[in-house]
1. At a 1.4 Å probe, what is the % contribution of carbon and sulfur to the accessible area of the stretch 118-178?
2. For the chain, what is the accessible area per residue in Å² when the probe is 1.4 Å?
3. For every other residue with a beta carbon closer than 15 angstrom to the beta carbon of D30, add +1 if it is Lys or Arg and -1 if Asp or Glu, then tell me the sum.
4. Here are a few candidate values for log10 I(q)/I(0) by the Debye sum over Cα atoms at q = 0.09, 0.10, 0.15 Å⁻¹: (i) -0.41, -0.48, -0.89; (ii) -0.34, -0.42, -0.93; (iii) -0.28, -0.35, -0.83. Which one was actually calculated from the structure I just gave you?
5. Give me the percent of accessible area attributable to carbon and sulfur for the stretch 1-60, probe 1.4 angstrom.
6. Report, largest value first, the span of the C-alpha coordinates of the stretch 18-108 along each principal axis, in whole Å.
7. List the trypsin sites (Lys or Arg not before Pro) within the stretch 73-157 that fall in a DSSP loop (any state other than H, G, I, E or B) and whose Cβ has at most 16 other Cβ atoms within 10 Å.
8. Against the longest alpha carbon principal axis of the chain, how many degrees, from 0 to 90 and to the nearest 10, is the axis of helix 90-100 turned?
Amino acid sequence: MQATRIVTGHDAEGRADFALQTPLEHGAFDHHPGFVANLLWRTGPQPAIPASPSDPVVAVESVIPQPGGTIAMMVSFPPDSVMSTPDFDPAAAGMEFAQRLPGLAESFDPDGSGFHRTDTVDYGVVLEGEIWLDLDDGRVRHLKAGDVVVQLGTRHAWRNRGEHPARMFFVLIGAVRD
C-alpha cells in the first residue's frame with residue numbers, strides 16, 4: 001500500500017490550505033527486510049499551531065517524546081521468519097534500528113528478545129494483517145486489523161507470527177510514571 005502524508009496549514013490570507021504532502025516511501029530498513037517505520041509528525045510538550053508548518057520529523061533526536069509531547073508513526077512488521085533467514089544480521093539490524101529510531105532502541109531489553117518499555121502512553125491501531133502483543137510472563141493477545149491497543153508504559157514486544165506483514169499506526173505521548 002502506497003500511503004501519503006498530508007499536512008494542512010494556512011495560506012497568507014489565513015485560509016485553510018495544504019501545507020505539506022509527501023509519500024511515505026523512505027521508511028524501509030536495509031538490514032531488517034520488510035520492517036518499515038515512517039515518522040509522521042512530532043509535537044513538543046506545548047503543541048502549537050504554526051502559521052506555516054515545517055516538517056518536524058526531519059531531524060528527530062528521539063522518537064520517545066518528552067512528557068506532553070507526541071510522535072505519530074506508521075510501522076510495518078514483517079513476519080518473524082525474516083529474522084531466521086541465513087542472511088539476517090542481527091548486529092547490523094540493531095545498529096540500523098538505533099540510528100533510524102533514536103531513543104527507542106535504548107528502551108529494549110539487552111537480551112535481543114524484542115521486549116521494551118518507554119515512558120509513554122501509546123495508542124496503537126492495527127491497520128493490516130495480524131500481530132501478537134506479548135507482555136510479561138507469557139501473557140499474549142492476538143490482534144487483527146481494526147484492533148486498538150492503549151499501552152500504558154508496559155514492558156512488551158510485538159510479534160508477527162503470521163505469513164504476511166502487519167501494519168500499525170501509533171501515537172506515542174510522553175508521560176511521567178507515578
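The values are calculated or read from the model by the stated rules, or taken from the named source; none is laboratory data. The structure displayed is predicted, hence computed values, not measured ones. FYI the Cβ positions are ideal-geometry reconstructions off the backbone, even for glycines, and counts take in every protein chain you see. Surface areas here come from the heavy atoms of the whole protein model, side chains and all, with no ligands, DNA or RNA. Shrake-Rupley method; radii C 1.70, N 1.55, O 1.52, S 1.80 Å.
1. Values: 1810 of 3470 Å².
That fraction is 52 percent.
2. Values: 10560 Å² over 178 residues.
Solvent-accessible surface per residue comes out at 59 Å².
3. After counting each charged neighbour, the total is -3.
4. (ii)
5. 54
6. Computed over the Cα atoms, the extents are 51, 28, 18 Å.
7. R117, R139, R155
8. The angle comes out near 10 degrees.
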